[in-house]
1. Hey, could you check the range 1-16 for residues that are open to solvent by less than 80 Å² (accessible area, probe 1.4 Å) and assigned to a loop (DSSP other than H, G, I, E, B) and say which is nearest to residue 52 (Cα to Cα)?
2. Among the candidates 68, 47, which residue alone is closer than 15 Å to residue 174 by Cα and crowded, with 18+ Cβ neighbours inside 10 Å?
3. Across the range 40-95, what is the total count of residues that are assigned to a loop (DSSP other than H, G, I, E, B), polar (S, T, N, Q) and out of contact with any helix residue (DSSP H, G or I) (no Cβ under 8 Å at 6 or more places or on another chain)?
4. Six or more apart or on different chains, Cβ under 8 Å: which pairs go from a residue in the range 125-147 that's within 22 Å of residue 167 (Cα to Cα) and touching a residue at least 24 places away in the same chain (Cβ under 8 Å) to one that's of a type outside the set (Ser, Thr, Tyr) and open to solvent by less than 80 Å² (accessible area, probe 1.4 Å)? Could you list them?
Amino acid sequence: NYLIHLGGRPAVLRRPPMGELPAGAYDMAREFRILSRLPDALPFIARGLHLCDDPGIIGQRFQIIEYRPGLVIREHMPPALAHRPDIGRRLSAMLLETIAAIHAVDTRAVGLDDLGRPQGFLARGVEGWRKRGLAAKEDGTDALHRDVGTWLERNLVPDEKPGLLHNDFTLNNIILDPDSFAPRAAMDWDQ
């Protein structure tokens, strides 16, 4: 992410990281599509302003996004907030309210109803997590992985009306108002 200025106003140039990228990761066109439509339903989504689909310009596809100033909490709580007894409760409530608002979006109304593959989503998720879990398992946990994976496969929640999902919803992907801790922008929709 790079801070740029267009016509004297700040904006963000967002591009994938340098180097080899996994297939399907850092999809600037997909993220731009979301960011150009979702702000119509959610005021805390920074609007996508431009997509450059030509990797010849800077070496990768990129997009330009509306700039939203604010506080981003990363690995450690900022010292000014660390000793506030209410901060955990306030941030937790904000995260729950924000993800609930995202899930409640009428995707058809904002033109995102054909985004993704909602049918079989949970089954694909369980299959993927089983593979990743087996690849990272510790010795002696084979039975646990097998039993939990089997249980999850047998107890899948049936597909229902699809909703919008942010695949990397974390506190450090939210730009906050530094006073109220309200979300100013939910970022990182490229997954």
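1. Applying the filter and picking the extreme gives 15.
2. Result: 68 is the single residue among 68, 47 that is closer than 15 Å to residue 174 by Cα and crowded, with 18+ Cβ neighbours inside 10 Å.
3. 0
4. Here the result reads 126/149; 126/152; 126/156, each pair linking the range 125-147 to a residue that is of a type outside the set (Ser, Thr, Tyr) and open to solvent by less than 80 Å² (accessible area, probe 1.4 Å).
Conditions (1) in contact with a strand residue (DSSP E or B) (Cβ under 8 Å, 6 or more places away or on another chain); (2) not in a helix (DSSP H, G or I), marked per residue:
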{"position": "102", "(1), (2)": "yes, no"}
{"position": "112", "(1), (2)": "no, yes"}
{"position": "119", "(1), (2)": "no, yes"}
{"position": "126", "(1), (2)": "no, no"}
{"position": "160", "(1), (2)": "no, yes"}
{"position": "166", "(1), (2)": "yes, yes"}
{"position": "179", "(1), (2)": "no, yes"}
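The values are calculated or read from the model by the stated rules, or taken from the named source; none is laboratory data. Not measured: the values here are computed from a predicted model. Cβ coordinates were reconstructed from backbone atoms using ideal geometry, including for glycine residues, and neighbour counts include every protein chain displayed. We work out accessible area using only protein heavy atoms, side chains counted, and drop any ligands, DNA or RNA first. Shrake-Rupley method; radii C 1.70, N 1.55, O 1.52, S 1.80 Å.
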